Structure formats: structure tokens, C-alpha cells
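Visitor: Please read through the structure below; I'll follow up with questions.
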Amino acid sequence: MIDIVIVDDHKLFAQGLANILMEDKELNVKAVFNDGRSLIDYLKNNTSHIALIDLNMPHFDGKSTLIQLKTNNIKTKRIVLSMYAQDVLLKECIEIGIDAYLMKDVEPENLIQTIKEIHTGQYLFESLNISDANSNHSFKDDFINKYKLSKRELEIVNLIVGGLTNVKIGEKLFISTFTVDTHRKNILQKLEVKNTAELVKKAFEQGIN
């Protein structure tokens with residue numbers, strides 16, 4: 001049995017997440033908290049294999065919680081759940097010490113799989129892929145300006161050109177397959193192409209490879 005604690009200031013989300021996790025017979029949600037301070041106080045006197053930590057909380061936020069977990073030498077594995085896929089936040093969390101960084105719209109089965117893999121030491125933390133998607137490729141200014149693609153859409157175009165499926169793109173960017181599919185449809189519309197083959201062709205024409 002994998003023991004889990006959750007901290008999120010949105011009570012409905014936290015309880016809903018707990019209910020989903022408890023449907024898996026291998027998972028046990030021991031406690032749900034609405035602020036980081038309460039979580040720290042609990043873990044000073046109790047154990048848990050995994051802590052799911054919301055990054056954006058008032059008063060005592062996720063980063064402060066992570067720092068206190070490290071300062072107090074609490075061995076609980078830490079999974080950050082965030083609404084923000086931002087390189088700066090990601091790097092800050094990595095520097096403090098985390099075991100995974102997932103978006104809040106992650107599919108429940110992916111979250112459960114991540115929890116189990118972290119618990120068994122099999123999880124491969126590929127968090128820097130968000131940065132890699134930006135740093136390893138150069139998008140031409142005229143391509144960006146002409147088609148009005150967002151930063152996220154540019155990342156996805158790059159990964160599509162690299163031959164990744166929606167599932168793999170979702171795993172790389174920590175978003176759901178449904179979200180990737182929505183972005184893909186918007187990209188096709190903005191680029192005025194009908195399918196992936198035409199998308200890739202236009203990307204190559206603009207030097208995206």
C-alpha cells in the first residue's frame with residue numbers, strides 16, 4: 001500500500017483527487033490539507049510515501065512547503081501539481097528537490113502510474129523536456145508573427161515535426177492527450193493546413209526541423 005498526503009488550497013479539487021486515488025486498491029490517502037504549514041506539521045510526526053503538493057497556495061505556498069520538507073529532512077517523495085508549465089518555476093522546484101512535476105490537467109491514470117513508479121524507484125523524471133523543446137530549436141520570427149502561434153503551440157509544432165504522437169507529446173509537456181489534440185487542431189487551422197503531413201511540410205519550409 002502506498003500512503004499519500006495531499007495539500008491544495010482548493011478543497012473541492014483536493015477531495016476530488018483523494019477520491020480518485022482511493023479507487024485504486026494500491027493507494028491510501030492518509031490526509032488532505034489546505035495549506036503547506038499543516039502538511040509540514042503532520043509530516044514531522046507521521047510518515048507518508050508520497051506528497052502531492054499544489055504550487056500556488058496563499059500564505060504558505062508550494063515552494064515554501066518544499067523548502068521546509070528539505071530543511072526538516074522529511075523523506076516523503078514530492079510530486080508537484082501545477083497549473084503553470086513555466087521553465088522558471090520548474091527549475092526552482094528541481095533545485096529545491098522534487099520527484100515529479102505534473103500539470104493539474106494530467107489524466108488520472110497517468111498520475112497514478114507516476115505515483116507507483118516513484119514509489120518503486122522506476123520513474124524517469126524528464127522535466128527538462130519543457131526547456132529542451134524551446135532551447136533545441138530555433139523558430140523564425142516571421143513564422144511566429146505570420147501564424148500567431150502561442151509558445152505552447154510552437155512547442156507542439158516542434159514535437160510534431162520530431163515525429164511524436166499526441167500521447168508522447170502529452171507526456172513530454174505534462175499535459176493531457178485531449179489538450180494536445182485541441183492544440184493540434186488549432187495549429188492546423190492557424191497554419192491553414194488540412195493534416196499533419198501538410199503541417200510538417202510547412203514547418204520544414206519555414207526552417208523548423
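The values are calculated or read from the model by the stated rules, or taken from the named source; none is laboratory data. All figures in this text were calculated on a predicted structure; none of them were measured in a lab. Here Cβ is always computed from backbone atoms with ideal geometry, including for glycine, and neighbour counts include all displayed protein chains.
Visitor: Against the condition among the charged types (D, E, K, R), surrounded by fewer than 21 Cβ atoms within 10 Å (Cβ to Cβ) and in a strand (DSSP E or B), how does K30 come out, does it pass?
Guide: Against the criterion (among the charged types (D, E, K, R), surrounded by fewer than 21 Cβ atoms within 10 Å (Cβ to Cβ) and in a strand (DSSP E or B)), K30 qualifies.
Visitor: Listed residues L90, L52; which is at pLDDT below 90, within 24 Å of V167 (Cα to Cα) and buried (at least 19 other Cβ atoms within 10 Å of the Cβ)?
Guide: Exactly one of L90, L52 is at pLDDT below 90, within 24 Å of V167 (Cα to Cα) and buried (at least 19 other Cβ atoms within 10 Å of the Cβ), namely L90.
Visitor: Restricting attention to the range 118-175, and to residues there that are among the acidic types (D, E) and assigned to a helix (DSSP H, G or I), which single residue is modelled with the highest pLDDT?
Guide: Going through the qualifying residues, I end up with E171.
Visitor: Does K77 satisfy the condition of being charged (D, E, K, R) and closer than 21 Å to S150 by Cα?
Guide: Judged against the criteria, K77 is not a match.
Visitor: For G170, all conditions in the list (1) surrounded by fewer than 19 Cβ atoms within 10 Å (Cβ to Cβ); (2) of a type in the set (G, A, S); (3) under 25 Å from Y101 (Cβ atoms) hold save one; what is the number of the exception?
Guide: (1)
Visitor: Identify the single condition in (1) hydrophobic (A, V, I, L, M, F, W, C); (2) under 26 Å from V106 (Cβ atoms); (3) without any contact (Cβ under 8 Å) to a residue 60 or more places away in the chain; (4) assigned to a loop (DSSP other than H, G, I, E, B) that L188 does not satisfy, given that it satisfies every other one.
Guide: (4)
Visitor: Next question, about the same structure. Got a number for residues in the range 164-185 being of a type in the set (V, I, T) and touching a residue at least 24 places away in the same chain (Cβ under 8 Å)?
Guide: 4
Visitor: If you don't mind, there's one more thing I want to ask. Which numbered condition trips up T47, out of (1) of a type in the set (S, T, Y); (2) modelled with pLDDT of 80 or more; (3) more than 19 Å from K168 (Cβ to Cβ); (4) in contact with a helix residue (DSSP H, G or I) (Cβ under 9 Å, 6 or more places away or on another chain)?
Guide: With respect to (1) of a type in the set (S, T, Y); (2) modelled with pLDDT of 80 or more; (3) more than 19 Å from K168 (Cβ to Cβ); (4) in contact with a helix residue (DSSP H, G or I) (Cβ under 9 Å, 6 or more places away or on another chain), T47 is out only on (4).
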